[in-house]
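What follows is a short report on a single structure.
The values are calculated or read from the model by the stated rules, or taken from the named source; none is laboratory data. Just so it is clear, the model here is predicted, and its values are computed rather than measured. Virtual Cβ from ideal backbone geometry, glycine too; neighbours counted across all protein chains shown.
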Amino acid sequence: MKTFLSIADLKNRFRKQTRTIFSLTTALILTSIAITFAASNNAINISATILSNSICRFSTGAATLAFGNLDPANPVVVNASTTIDFRCMGAAGTAVFVISQDGGLNPSGPQNQMEHVTLPGTFIPYTLSLVHVAPPIPKNVWFTLTINGTINGPDYQVAPGNYQDTVVISIVP
């Protein structure tokens with residue numbers, strides 16, 4: 001025999017099931033919120049250094065590039081040069097390297113400038129070029145870096161006196 005439920009009984013059962021589903025849903029949401037607030041994050045910086053198979057070094061300390069006496073009455077192009085020896089050592093049979101200059105103490109964009117020793121803000125622009133054998137080179141052999149400098153005649157139509165600059169030449173690695 002079949003039993004039929006009244007509308008009131010059906011409403012009561014529906015309410016109980018709804019309350020159970022609501023309670024379970026609320027419990028899941030609260031658990032999720034508690035887990036979310038309990039979580040903590042931390043960033044980890046990852047780094048590594050690959051050691052070079054080449055170690056390149058200059059043989060001498062400071063070098064001097066002297067333009068000498070510049071005569072504004074005879075404004076000609078003046079060139080000067082100097083050299084620095086270098087060699088590369090290390091595990092590999094040949095070395096690859098880069099040689100560069102930093103622009104000196106008074107760069108103006110890509111232009112090097114010597115500054116007057118006693119008149120700050122008075123400059124003579126000049127250019128440098130670095131000439132050396134192209135890498136790769138054999139290890140444990142001395143090579144010469146030639147540093148050529150040029151000053152154009154009109155550029156030294158400035159206050160008389162001594163001008164100077166310091167440029168750092170680097171070899172990497």
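Below are the figures for this structure:
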| read-out | value |
| --- | --- |
| Filtered residues of region 70-106 (kept if in a strand (DSSP E or B) and over 29 Å from Pro120 (Cβ atoms)) | Thr83, Ile84, Asp85, Phe86, Arg87, Cys88, Met89, Thr94, Ala95, Val98, Ile99 |
| Looking only at region 35-69, and only at residues there that are in contact with a Gly (Cβ under 8 Å, 6 or more places away or on another chain), modelled with pLDDT of 75 or more and assigned to a loop (DSSP other than H, G, I, E, B), the one that is nearest to Lys139 (Cα to Cα) | Ser54 |
| Matching residues, region 129-173, being closer than 19 Å to His116 by Cβ, within 27 Å of the chain's Cα centre (by Cα) and not small (Gly, Ala, Ser) | Asp165, Thr166, Val167 |
| Counted residues, region 107-144 - those being part of a strand (DSSP E or B) and either touching a Ser or Thr at 6+ places or on another chain (Cβ under 9 Å) or over 30 Å from Gln157 (Cα atoms) (or both) | 16 |
| Of residues in region 88-117 being within 16 Å of Cys56 (Cα to Cα) and β-branched (Val, Ile, Thr), the one surrounded by the fewest Cβ atoms within 10 Å (Cβ to Cβ) | Val98 |
| Check on Thr82, at pLDDT below 95 and not charged (D, E, K, R) | yes |
| Subset of region 130-142 (residues that are surrounded by 16 or more Cβ atoms within 10 Å (Cβ to Cβ) and either closer than 10 Å to Thr82 by Cα or of a type outside the set (D, E, K, R) (or both)) | His132, Ile137 |
| Search result, residues across region 152-170 that are in contact with a Ser or Thr (Cβ under 8 Å, 6 or more places away or on another chain) and either on the phi > 0 side of the Ramachandran plot or among the hydrophobic types (A, V, I, L, M, F, W, C) (or both) | Val158, Ala159, Gly161, Ile169 |
| Close pairs (9 angstrom Cβ cut-off, 6 or more residues apart or separate chains): free of Cβ contacts under 8 Å to residues at least 60 places away in the same chain in region 57-81, assigned to a loop (DSSP other than H, G, I, E, B) anywhere | Ala62/Thr166 |
| One residue from Val141, Val117, Val96, Val133 being free of Cβ contacts under 8 Å to residues at least 12 places away in the same chain and on the phi < 0 side of the Ramachandran plot | Val133 |
